[in-house]
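Let me begin by presenting the structure, written as structure tokens, before commenting on it.
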Amino acid sequence: MFCFQCQEAAKGTGCTIKGVCGKTPEVAGIQDSLMYFMKGLSIYANIARENGLEDDSTNKLIMDGLFMTITNANFDKQRFVEKLDEGFIIRTKLLQILDNKGIKFDKKTLHESATWNASSQSEYEKKAMEVGILQLNKNEDIRSLRELLTYGIKGIAAYAEHALNLGEKKNEIFAFMQKGLEATTNDNLSVDELTGLVLECGKYGVEVMALLDKANTSAYGNPEITKVNIGVRNNPAILISGHDLRDMEDLLEQTKDTGVDVYTHSEMLPANYYPAFKKYNHFVGNYGNAWWKQKEEFESFNGPILFTTNCIVPPMKNASYKDRIYTTGSSGLEGAIHIPNRTEGGKKDFSEIIEHAKKCASPTEIEKGEIIGGFAHNQVIQLADKIVEAVKTGAIRKFFVMAGCDGRMKDRDYYTEFAEKLPKDTVILTAGCAKYRYNKLPLGDINGIPRVLDAGQCNDSYSLAVIALKLKEVFELNDINELPIAYNIAWYEQKAVIVLLALLYLGVKNIHLGPTLPAFLSPNVANVLVNNFGIAGITTVDEDMKIFLN
Ligand code: FSO
Ligand code: SF4
């Protein structure tokens, strides 16, 4: 196997024996085959589109397939086999549609990914031996750009899926995903052309996050300032993790009046900020911390856990909570119960996990108190006068965008120390699970404005961009980079890649990215990012603080 798509890639170069994340070589292989297949399917989807045809099944399959291959989303090999089975059926149907419409193309000129045929698991596995990242891309810079583009597109797919679950979609977004995937098969594209596509990917990153923001806020209202309880009650309960708010809604509805409480975990914490979810009395608050602490926290939660997306950490063989894990949507884990998708217009059926919860003990308390959040764009813009006043009087010297992801490696202590050492006249703007490195520190407030403003999930980084653009307008600046905002972003997986590309597209410069730069950036591609956008890594807290504050 070879995989280097996330920040924890082994030795900073790539996982080759087993994923640091727990991905087995078998799952890595079948993911490679699926990725390869979807590139070929994209070629046909693009031909169809050029002829005015949009195929919803193809769009959905590619979106789901991409999401399933994101770090920590799906560890269940069987689900990838099924996705390939389904994909070949969809491809046959699409070819039939093209044929019926008299759309002609020369099959002999198509990339092999489009003409590859297989119909069994063993054939999928055999293909995996030929279509790994290193086999497909011999040139280091081309490989780097193709993978950067692919990971950005995976991020887009994840956000597009959450939006679609709430009935929002934009065909231009699917079109870009497929154009990008096809581009990764085109040996005639130059480094400049691929770089152009990577930047264009950022544009669609902004679009898809805006779409998801619209989907979430029109369904559940605008996030508002909220004190979230982090203690527990004395009822059996379900812990819901991941990012999908539609699943949150279905679960809250179905647990109503059952005696089963609901708590959020990790990236689901921001569900607490939405008005529509606050009306449920059995929605207690948030339990635990960022994704990588789940081994301890799931033990003590005592009840079943529902993963709607990543980040899953495969449990140890003897983990007490192993039988309490449920997955749904694009997430999957061998041995866990997978709750099927909702049918068109219907709801997911969470009865099994609810019945399971009733038999479990209530959660063991691991902390007490409250954390504050809900500072998405609508709420912050309501506070704009107060914030502008604080900047004008010098009460706030600078904002630090510290959005992104958390991870298990020790070097991420940097972010806790950085937050602690920031001068008292600075404010952290955050989104994503990166916040758990500092959201429980007593950092205080500035004239009533908390020093950590949490906008929400990683996709709510979009809110931070909207806030920055609003401030640029209020201060009548020409360039977003003239604002007193510094960017010290922590990344982990491919959704953070699209967030980064989106910020670059919006013109944000001098972003510091840590704890390490991506393994998939070749020295030349890294140089392009450094020279054109001022991207930099991190060093020590004290050194970086000097750079940021000057
Ligand atoms: Fe975190 Fe995991 Fe939201 Fe990611 S829980 S790391 S960037 O899935 O998507 O922030
Ligand atoms: Fe390694 Fe990350 Fe790939 Fe997992 S997702 S195999 S940790 S590079």
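Values as computed for the structure displayed
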quantity	calculated
Residue that is more than 20 Å from the chain's Cα centre (by Cα) and open to solvent by less than 10 Å² (accessible area, probe 1.4 Å), where the choices are Thr58, Thr69, Thr24, Thr92	Thr58
So Gly346, is it over 30 Å from Asn481 (Cα atoms), more than 16 Å from ligand 2 (Cβ to nearest atom) and at pLDDT below 95	yes
Checklist (1) over 23 Å from the mean Cα position of the chain (by Cα); (2) more than 12 Å from ligand 2 (Cβ to nearest atom); (3) open to solvent by 10 Å² or more (accessible area, probe 1.4 Å) applied to Thr16, failing item	(2)
Residue match in the stretch 76-89 (condition: within 16 Å of ligand 2 (Cβ to nearest atom) and out of contact with any Phe, Trp or Tyr (no Cβ under 9 Å at 6 or more places or on another chain))	yes
Residue match in the stretch 253-276 (condition: of a type outside the set (S, T, N, Q), away from ligand 2 (no atom under 16 Å from the Cβ), free of Cβ contacts under 8 Å to residues at least 24 places away in the same chain and in contact with a Pro (Cβ under 6 Å, 6 or more places away or on another chain))	no
Considering residues of the stretch 275-329 that are of a type in the set (Phe, Trp, Tyr) and open to solvent by 10 Å² or more (accessible area, probe 1.4 Å) only, the residue nearest to the chain's Cα centre (by Cα)	Trp292
Residue within the stretch 43-65 that is within 16 Å of ligand 2 (Cβ to nearest atom), farther than 22 Å from Ala158 by Cα and outside the structural domain of Glu267 (by TED's automatic domain parsing) present	no
Output for the stretch 381-427, where each listed residue is part of a strand (DSSP E or B) and within 16 Å of ligand 1 (Cβ to nearest atom)	Val401, Gly404
Arg246 being free of Cβ contacts under 8 Å to residues at least 40 places away in the same chain and within 23 Å of Asn72 (Cβ to Cβ)	no
Residue match in the stretch 224-246 (condition: more than 16 Å from ligand 1 (Cβ to nearest atom), over 24 Å from Ile449 (Cβ atoms), acidic (Asp, Glu) and surrounded by 17 or more Cβ atoms within 10 Å (Cβ to Cβ))	no
Pair list, Cβ < 8 Å and 6+ apart or interchain, from the stretch 430-451 residues that are within 16 Å of ligand 2 (Cβ to nearest atom) to residues that are of a type in the set (D, E, K, R)	Cys433/Glu267; Cys433/Asp406
Test: residue in the stretch 220-229 that is modelled with pLDDT of 95 or more and either of a type in the set (Lys, Arg) or touching a Lys or Arg at 6+ places or on another chain (Cβ under 6 Å) (or both)	yes
The stretch 162-177: number of residues that are part of a helix (DSSP H, G or I) and more than 21 Å from Ala48 (Cα to Cα)	4
Some residue of the stretch 2-13 being assigned by TED's automatic domain parsing to the domain that holds Glu140, buried (at least 17 other Cβ atoms within 10 Å of the Cβ), among the aromatic types (Phe, Trp, Tyr) and at pLDDT 95 or above	no
Close pairs (6 angstrom Cβ cut-off, 6 or more residues apart or separate chains): farther than 13 Å from Cys6 by Cβ and touching a residue at least 12 places away in the same chain (Cβ under 8 Å) in the stretch 488-504, hydroxyl-bearing (Ser, Thr, Tyr) and more than 9 Å from ligand 1 (Cβ to nearest atom) anywhere	Val499/Ser461
Inter-residue pairs, beta-carbon under 8 Å, first modelled with pLDDT of 95 or more and in the stretch 96-110, second open to solvent by 60 Å² or more (accessible area, probe 1.4 Å), 6+ apart	Leu98/Asn51; Leu98/Phe105; Lys101/Asn51; Ile103/Asn51
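Each row is one residue, and each column tells you yes or no for (1) assigned to a loop (DSSP other than H, G, I, E, B); (2) under 22 Å from Leu164 (Cβ atoms); (3) not assigned by TED's automatic domain parsing to the domain that holds Trp292.
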residue	(1), (2), (3)
Pro314	yes, no, no
Asn318	yes, no, no
Tyr326	no, yes, no
Glu334	yes, no, no
Glu344	yes, yes, no
Ile354	no, no, no
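The values are calculated or read from the model by the stated rules, or taken from the named source; none is laboratory data. Keep in mind the model is a prediction, meaning the values are calculated, not measured. Counting neighbours? That spans all protein chains shown, and the Cβs are built from the backbone with ideal geometry, glycine included. Keep in mind that these areas ignore ligands, DNA and RNA; they rest on the heavy atoms of the full protein, side chains included. Shrake-Rupley method; radii C 1.70, N 1.55, O 1.52, S 1.80 Å.
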